[in-house]
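See structure below.
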Amino acid sequence: MTPAPCSTLDRRPGWLAIAGPTASGKTALALALAQRWPVEIISVDSALVFRGMDIGTAKPSAAELASVPHHLIDIRDPLQAYSAAEFVRDASALLDQIQARGKLPLLVGGTMLYFKALFEGLDKMPPAQPALRAAIEAEAGELGWPALHARLGQVDPLTAARLSPNDSQRIGRALEVWRASGRPISAFHTRDKAAEASRPLQIQGQPGLLLSLEPVERAWLHERIAQRFDAMLAQGFIDEMSALRARGDLTPDLPSMRCVGYRQAWEALDAAEQAGHAELTAAEFSELRDRGIFATRQLAKRQLTWVRSMTRRQVVACDQPGALQQTLASMEALLSSGQP
């Protein structure tokens, strides 16, 4: 279905947001909107924050970045981390600044935790517990992170469902919070759902509209994911990964290097190095392609699970003919009606 935004808001929104799984067409829709209305884009993507990680993150091109103001892209070195709390702080400030310039903030991305934190806030969680974390990491060294992911599923199935079995940082933090407080980390992100469902989504008290790009046919998304990963490989993703490894200060446990695609490329280059050759063989390259595409599909599945839990979204069936044009027409009706 295409969205019916005018049925959810009785006046022009204070902001727009586009969410959805990887390769669903978020960037294309955002740029099409930017050609028609004065917007500034706020990236909602935990991978695009890193400098020097352009190909494997499908970062917008230089021309696309120049065509409309973009924010929260290339703001961290891959050696650094960037939390959901930092995103909420930065995005909230940008919303005020963009509106003060007479523009419409357009939030675009697939990091659903960032969207959730911005819409619902984050409760204060227990501080880091180094001793607990060390014990958890020791267990992971003995049993493996997938085993700890399964253990997390027993005490916090909501969090486990949205995490990869190899996401060591988030699995470790979730188990740490559980052991420190006796509460699942998902419990710190809950709100009164019934009360929220009765009003439009708000950021800083301002109502807005969340468009969710969701394919009717999963095979359509899988094909686009494969095409995108092949394009990344053709554009030099392996060279980009090799340059990052050559810095000498990055490790595979960093949040940046755990991004989908980068983790698989790091492991492939590690294996090639251990086998005594500097470049990937044809078989190693093919295996990397298969593993990268599979991991990206798993990411998309988790993203869809997240976004479908946001009941106040407007769904765009992004794989249907004419979806982009119909969505733009709906936005024309909404943005031309009244003042924010």
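The values are calculated or read from the model by the stated rules, or taken from the named source; none is laboratory data. From a predicted model like this one, the values you see are computed outputs, not experimental measurements. Backbone-built Cβ (ideal geometry, glycine too); neighbour counts: all protein chains shown.
Worth pointing out:
- Residues located in the stretch 55-90, provided they are out of contact with any Leu (no Cβ under 9 Å at 6 or more places or on another chain) and among the acidic types (Asp, Glu): 77, 86
- Single residue of 298, 303, 314 found to be crowded, with 17+ Cβ neighbours inside 10 Å and under 18 Å from residue 219 (Cβ atoms): 303
- Among the residues making up the stretch 77-131, those that are small (Gly, Ala, Ser) and not in a helix (DSSP H, G or I) are 81, 83, 102, 109, 110, 121, 128.
- First in the stretch 282-310 and closer than 15 Å to residue 212 by Cβ, second anywhere and of a type in the set (Val, Ile, Thr) and modelled with pLDDT of 95 or more, Cβ under 7 Å, 6 or more apart: 300/22; 300/225; 303/22
- Qualifying residue in the stretch 251-269 (condition: outside the structural domain of residue 55 (by TED's automatic domain parsing), in contact with a Gly (Cβ under 6 Å, 6 or more places away or on another chain) and at positive phi): yes
- Meets criteria (more than 14 Å from residue 204 (Cα to Cα), modelled with pLDDT of 90 or more and out of contact with any Cys (no Cβ under 9 Å at 6 or more places or on another chain)) for residue 123: no
- Residue 167 vs. criteria modelled with pLDDT under 90 and surrounded by fewer than 16 Cβ atoms within 10 Å (Cβ to Cβ): no
- Residue check, residue 54 in a loop (DSSP other than H, G, I, E, B), in contact with a Lys or Arg (Cβ under 8 Å, 6 or more places away or on another chain), among the charged types (D, E, K, R) and at pLDDT 95 or above: no
- Residue 118 meets each of the listed conditions (1) of a type outside the set (Phe, Trp, Tyr); (2) surrounded by fewer than 19 Cβ atoms within 10 Å (Cβ to Cβ); (3) out of contact with any Lys or Arg (no Cβ under 7 Å at 6 or more places or on another chain) apart from (2).
- Close Cβ contacts (under 9 Å, 6 or more residues apart or on different chains) running from residues in the stretch 208-223 that are surrounded by 15 or more Cβ atoms within 10 Å (Cβ to Cβ) to residues that are among the aromatic types (Phe, Trp, Tyr) comprise 208/15; 209/15; 210/115; 210/119.
- Counting only residues that are of a type outside the set (Phe, Trp, Tyr), touching a strand residue (DSSP E or B) at 6+ places or on another chain (Cβ under 9 Å) and buried (at least 20 other Cβ atoms within 10 Å of the Cβ), the stretch 46-58 holds 4 of them.
- A Cβ distance below 7 Å, combined with a sequence gap of six or more or placement on separate chains, defines the contacts here; from the stretch 105-133, residues that are among the hydroxyl-bearing types (Ser, Thr, Tyr) reach residues that are at pLDDT 85 or above in the pairs 111/44; 111/45; 111/46; 114/44; 114/46; 114/84; 114/87.
- Residue list for the stretch 241-263, restricted to those being in a helix (DSSP H, G or I) and exposed (fewer than 14 other Cβ atoms within 10 Å of the Cβ): 243, 246
- For the stretch 264-282, the count of residues that are touching a helix residue (DSSP H, G or I) at 6+ places or on another chain (Cβ under 7 Å), of a type outside the set (A, V, I, L, M, F, W, C) and buried (at least 20 other Cβ atoms within 10 Å of the Cβ) is nonzero.
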